[in-house]
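A quick write-up on the structure given underneath.
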Amino acid sequence: MITDPARVPLNRRAWIGNGVSGALVSADGTVDWYCPEGFTSPAALWRLLDPAGGALRVGPERSGSSATRTLPAGTQRYRQGSNVVETVLEGAGGRRVSVLDFLDWQGPGLDVTTRIIRIVRALSGPVDVELELLPSGRFAPAREVRSSSDGLVFDGTMLRAGMSLEAAAIDRRTPRWRASRRLDEGDAFVVTVDADSRAEPLTVDGAMRLAESTEQAWRSWLGVLAYDGAYREMVERSLLAVRSLTGVRGAPAGAGTTSLPRRIGSERTSDDRWVRWRDTAAAALSFSAAGLAEDGDAAETWLRDAVTEAPLPWPVWLDHDGQPPPALETLSLEGWRRSGPVVVGVREGVTNLDCYGDVVATVGASTTGPGGRAGEPGPLSAAWPALASVADWVADHWREPDSGVWASPGPPGMLVASRVQAWSALDRMARLARAANPLDLAAAGWQQEARSILRWLETDGLSFDGGLRRDGNAAADDEPDAALLRIAWRGPWPASHPVVVRTVDRILDRLTSSGLLFRHSERVDDGQAGPDNPDLLASLWAVRALAALERWEEAHERMEAVVALAGPAGLLSEAADPVAVELMGNLPCTAVHLALVDAAISLSRGPA
């Protein structure tokens with residue numbers, strides 16, 4: 001029987017993706033998450049979120065009741081410098097089977113399919129290899145299941161394995177289909193899963209050639225990486241993960257999954273498969289800093305297009321084409337480890353003043369002003385009118401409450417971190433405008449509002465004992481917010497300034513657990529019941545803040561605490577349970593992997 005996904009921690013899973021679609025492969029050879037029509041499409045294999053969902057396992061034949069209770073020994077590693085993953089499983093008598101999983105990718109800008117390709121090979125034999133399938137529809141029970149001579153078709157999804165499957169048993173809720181074959185050492189066969197019934201079946205030789213060319217394409221893409229400091233392996237894996245989530249227009253999905261809980265038993269779930277302004281801005285800067293200039297340029301171009309098209313105030317999430325995602329919908333699914341709700345889409349009406357500073361800093365990074373250099377048209381020219389409207393909007397609305405970088409469903413507040421980002425947006429826009437025209441009147445207005453924000457920060461937002469107020473009035477609770485750590489590299493003061501040092505220290509002192517950092521304290525009403533787990537994005541911001549303060553030993557210690565959470569595949573999610581030493585939340589998480597790249601680059605500037 002296919003292993004209960006709840007028994008397989010997220011640390012023991014790998015992600016295969018190609019910028020259009022992706023899937024999760026667990027360390028026992030099971031694919032239990034796959035969206036065949038694209039990242040944000042309904043899943044066809046989704047047992048990860050409910051026992052009634054579909055799943056596909058390939059591996060040594062298991063027998064006995066213990067098969068339902070134990071995870072067979074298996075090792076899982078990506079092929080060097082690629083998003084091709086190999087899982088080695090051990091069967092009876094120590095005989096081993098390799099399962100090579102990937103989605104076809106031949107390089108940037110080239111057409112790709114959403115087909116999962118699984119090459120099953122006996123490393124020692126003879127070994128009986130079993131294929132098990134729990135079929136399902138799109139977030140629903142399968143309406144039609146049809147066996148064929150080489151596989152199975154279930155609700156528009158086609159499984160090809162070169163052999164017919166038979167209904168072997170009936171689970172309490174779902175029929176199980178099964179096939180098996182004996183392989184001698186070196187023998188192999190191919191399993192594919194796809195929504196395209198017109199796709200030609202793959203031979204073993206054809207699949208191996210495709211695997212080799214896919215590996216080579218990923219290695220070639222990564223070959224221009226300019227980073228060679230500490231944590232190089234994790235930097236490579238992070239960049240590969242983000243690139244595998246990045247659509248053809250240059251914007252990455254926030255994660256590959258939906259509704260994996262930040263804490264077991266909590267209601268802290270969300271659909272993170274959409275595009276965030278913050279993530280795309282971070283991708284543009286991180287890819288460029290790592291030497292992957294074409295990908296950085298593509299992300300920046302996507303931002304410029306979105307800036308010119310999106311209405312103000314900006315929605316927190318967009319789809320890959322820059323359009324609003326569908327409204328939040330709750331599905332009648334159990335959830336991973338019975339932690340719901342399972343949701344698709346996004347909450348409407350969430351305001352996030354925080355994102356404007358990220359976007360202005362990124363889009364304005366490659367030019368001196370709206371007219372480019374020496375009066376010639378520059379890359380910012382086309383987006384300048386829209387950016388000017390953004391600056392006007394920020395100048396008019398920075399005093400209003402918002403939901404901040406965490407976009408929590410709780411009551412909006414005068415969040416200090418958001419006001420720092422608003423200051424950054426206005427100050428940067430004023431500088432860009434004056435670089436092109438020292439007498440620009442709009443620049444004078446933006447600079448005046450930037451000074452107003454600075455006065456607010458000094459008198460109401462940040463006290464000189466290192467405190468911060470979430471709503472900016474003296475009667476409010478004085479609670480630390482990890483989002484404010486960015487003041488160490490994007491704020492009105494240098495990192496050595498006493499306000500910055502005291503603020504960073506207070507956040508770290510109050511929010512740290514086992515070397516990781518919570519977003520905020522439990523006393524903060526974020527609109528979600530129950531406590532949260534430490535946040536990995538906040539934890540990596542702590543690394544970068546400490547590096548900015550040149551406290552290298554502390555920074556490395558916190559970096560090690562995050563890196564230790566990655567499983568053999570090297571992936572990271574949103575959050576972590578420091579007691580169980582397990583990843584929590586949607587996987588892989590774009591923001592976290594980009595923050596790891598930034599943290600590693602920051603650490604490389606100090607002593608080893």
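Within segment 483-537, being out of contact with any Ser or Thr (no Cβ under 8 Å at 6 or more places or on another chain), more than 20 Å from Met559 (Cβ to Cβ) and of a type in the set (Gly, Ala, Ser) holds for Ser496, Ser521.
Being part of a strand (DSSP E or B), at pLDDT 95 or above and either of a type in the set (Gly, Ala, Ser) or within 25 Å of the chain's Cα centre (by Cα) (or both) narrows it down to one of Ser98, Ser82, so name that one. Full working, then the answer.
Values: Ser82 fails: part of a strand (DSSP E or B).
One residue alone meets the criteria, Ser98.
Going through segment 358-386 one residue at a time, which ones are more than 23 Å from Glu294 (Cα to Cα) and either modelled with pLDDT of 90 or more or among the aromatic types (Phe, Trp, Tyr) (or both)? If the condition is that a residue be more than 23 Å from Glu294 (Cα to Cα) and either modelled with pLDDT of 90 or more or among the aromatic types (Phe, Trp, Tyr) (or both), then Pro385, Ala386 are the ones that fit. Residues in segment 263-281 include at least one that is assigned to a strand (DSSP E or B), of a type in the set (Lys, Arg) and either in contact with a strand residue (DSSP E or B) (Cβ under 8 Å, 6 or more places away or on another chain) or in contact (Cβ under 8 Å) with a residue 24 or more places away in the chain (or both).
Taken as a whole, the condition of being surrounded by fewer than 17 Cβ atoms within 10 Å (Cβ to Cβ), touching a helix residue (DSSP H, G or I) at 6+ places or on another chain (Cβ under 7 Å) and hydrophobic (A, V, I, L, M, F, W, C) applies to Ala230. Hey, could you check segment 521-537 for residues that are part of a loop (DSSP other than H, G, I, E, B) and touching a helix residue (DSSP H, G or I) at 6+ places or on another chain (Cβ under 9 Å) and say which is surrounded by the fewest Cβ atoms within 10 Å (Cβ to Cβ)? If we take residues in segment 521-537 being part of a loop (DSSP other than H, G, I, E, B) and touching a helix residue (DSSP H, G or I) at 6+ places or on another chain (Cβ under 9 Å), then Ser521 is surrounded by the fewest Cβ atoms within 10 Å (Cβ to Cβ). Residue count for segment 183-220 under the criterion of being touching a residue at least 12 places away in the same chain (Cβ under 8 Å) and among the acidic types (Asp, Glu): the result is 6. Looking across segment 291-329, the residues that are β-branched (Val, Ile, Thr) and within 21 Å of the chain's Cα centre (by Cα) come down to Thr301, Val316.
For segment 193-219, a tally of residues being hydroxyl-bearing (Ser, Thr, Tyr) and either in a loop (DSSP other than H, G, I, E, B) or not assigned by TED's automatic domain parsing to the domain that holds Leu159 (or both) returns 2.
When Thr503 is tested against the conditions (1) assigned to a helix (DSSP H, G or I); (2) modelled with pLDDT under 95; (3) surrounded by fewer than 24 Cβ atoms within 10 Å (Cβ to Cβ), the lone failure is (3).
Only one of the listed residues (Trp277, Trp336) is assigned by TED's automatic domain parsing to the domain that holds Arg486, modelled with pLDDT of 95 or more, of a type outside the set (Val, Ile, Thr) and touching a Cys at 6+ places or on another chain (Cβ under 7 Å). That residue is Trp277. Residue-level check: of (1) at pLDDT below 95; (2) not in a loop (DSSP other than H, G, I, E, B), Ala545 misses just (1).
For segment 150-169, the tally of residues that are in a loop (DSSP other than H, G, I, E, B), of a type in the set (A, V, I, L, M, F, W, C) and crowded, with 17+ Cβ neighbours inside 10 Å stands at 2.
Of the residues making up segment 104-149, those that are under 26 Å from Gly186 (Cβ atoms), more than 31 Å from the chain's Cα centre (by Cα) and either among the hydrophobic types (A, V, I, L, M, F, W, C) or exposed (fewer than 15 other Cβ atoms within 10 Å of the Cβ) (or both) number 6. List, please: which pairs have Cβ atoms under 6 Å, are six or more places apart or on different chains, and start with a residue in segment 415-431 that is more than 14 Å from Leu462 (Cβ to Cβ) and in contact (Cβ under 8 Å) with a residue 24 or more places away in the chain and end with one that is surrounded by 24 or more Cβ atoms within 10 Å (Cβ to Cβ) and among the hydroxyl-bearing types (Ser, Thr, Tyr)? Every condition considered, the pairs that remain are Ala425/Tyr356. Screening segment 61-79 for residues that are modelled with pLDDT of 95 or more and surrounded by fewer than 22 Cβ atoms within 10 Å (Cβ to Cβ) and picking the one that is nearest to Thr214 (Cα to Cα) gives Arg79.
The values are calculated or read from the model by the stated rules, or taken from the named source; none is laboratory data. Values in this document were obtained by computation on a predicted structure and should not be read as measured data. Backbone-built Cβ (ideal geometry, glycine too); neighbour counts: all protein chains shown.
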